[in-house]
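Q: The structure is given below, and queries will be raised subsequently.
The values are calculated or read from the model by the stated rules, or taken from the named source; none is laboratory data. These numbers come from a predicted model, not from an experiment. Cβ atoms come from the backbone with ideal geometry, glycine included; neighbour counts cover every protein chain shown. Keep in mind that these areas ignore ligands, DNA and RNA; they rest on the heavy atoms of the full protein, side chains included. Shrake-Rupley method; radii C 1.70, N 1.55, O 1.52, S 1.80 Å.
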Amino acid sequence: MGEVTWTSYGTWTTALSSELDGLANDGLAISSAIDNSANKKLFVDIEVYLASVDLSSQSNPAIYIWLIARTDGTNFEDGGSSVEPARMPDAIIPLREVNGAQRVFARMLMTTPDQFKILVQNKTGAALASSGNTVKYNLYGETVA
């Protein structure tokens, strides 16, 4: 009987950076298309790094993440810098109620075997820092030995 193991991480890739600078509360930022059609990795881990922002007076600050799928090989589902998707986020990443930088992580989000985009919504209660924020991703899967 085979043993299922993880594939190794590839290189962490920046999906969003300057798009997050000064992003207002409830604001949305979307990445360019990420092509998963060749290697068809099953999962994506996402790292959100927020430069110093004061969330000490906020209640339940979070970052919402959607993976916006290409649904028919041509068109992406609704969601963008001015359109919040009608469905629930794929991940809600809670943040600490502190004044300072934060690095948070969403693991094992299921991808599609085609292209997708990462859509982020600021639900912190405050605007993000004016520079230094990033969203990175890494695709991986499973192998049977």
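Q: Checking residue 101 against (1) at pLDDT 95 or above; (2) out of contact with any Phe, Trp or Tyr (no Cβ under 9 Å at 6 or more places or on another chain): exactly one of these is not met. Which one?
A: The failed condition is (2).
Q: Residues being open to solvent by 40 Å² or more (accessible area, probe 1.4 Å), part of a loop (DSSP other than H, G, I, E, B) and farther than 28 Å from residue 5 by Cα: count how many of those fall in segment 36-72.
A: 7
Q: State whether one or more residues within segment 111-118 are open to solvent by less than 10 Å² (accessible area, probe 1.4 Å) and in a strand (DSSP E or B).
A: Yes, the conditions are met somewhere in segment 111-118.
Q: Collect the residues in segment 1-44 that are farther than 25 Å from residue 76 by Cβ, touching a residue at least 60 places away in the same chain (Cβ under 8 Å) and of a type in the set (A, V, I, L, M, F, W, C), keeping them in residue-number order.
A: Once the filter is applied, which keeps residues that are farther than 25 Å from residue 76 by Cβ, touching a residue at least 60 places away in the same chain (Cβ under 8 Å) and of a type in the set (A, V, I, L, M, F, W, C), segment 1-44 yields 4, 6.
Q: I'd like to check something: does segment 75-95 contain any residue that is under 15 Å from residue 15 (Cα atoms) and outside any loop (DSSP other than H, G, I, E, B)?
A: Yes, that holds for at least one residue.
Q: Of everything in segment 45-75, what is touching a Lys or Arg at 6+ places or on another chain (Cβ under 9 Å), touching a residue at least 60 places away in the same chain (Cβ under 8 Å) and among the β-branched types (Val, Ile, Thr)? Give them in sequence order.
A: 46, 48, 63
Q: Is it the case, given these coordinates, that residue 103 is assigned to a strand (DSSP E or B) and open to solvent by 20 Å² or more (accessible area, probe 1.4 Å)?
A: Numbers: assigned to a strand (DSSP E or B): yes; open to solvent by 20 Å² or more (accessible area, probe 1.4 Å): yes.
Spelling it out, residue 103 is indeed assigned to a strand (DSSP E or B) and open to solvent by 20 Å² or more (accessible area, probe 1.4 Å).
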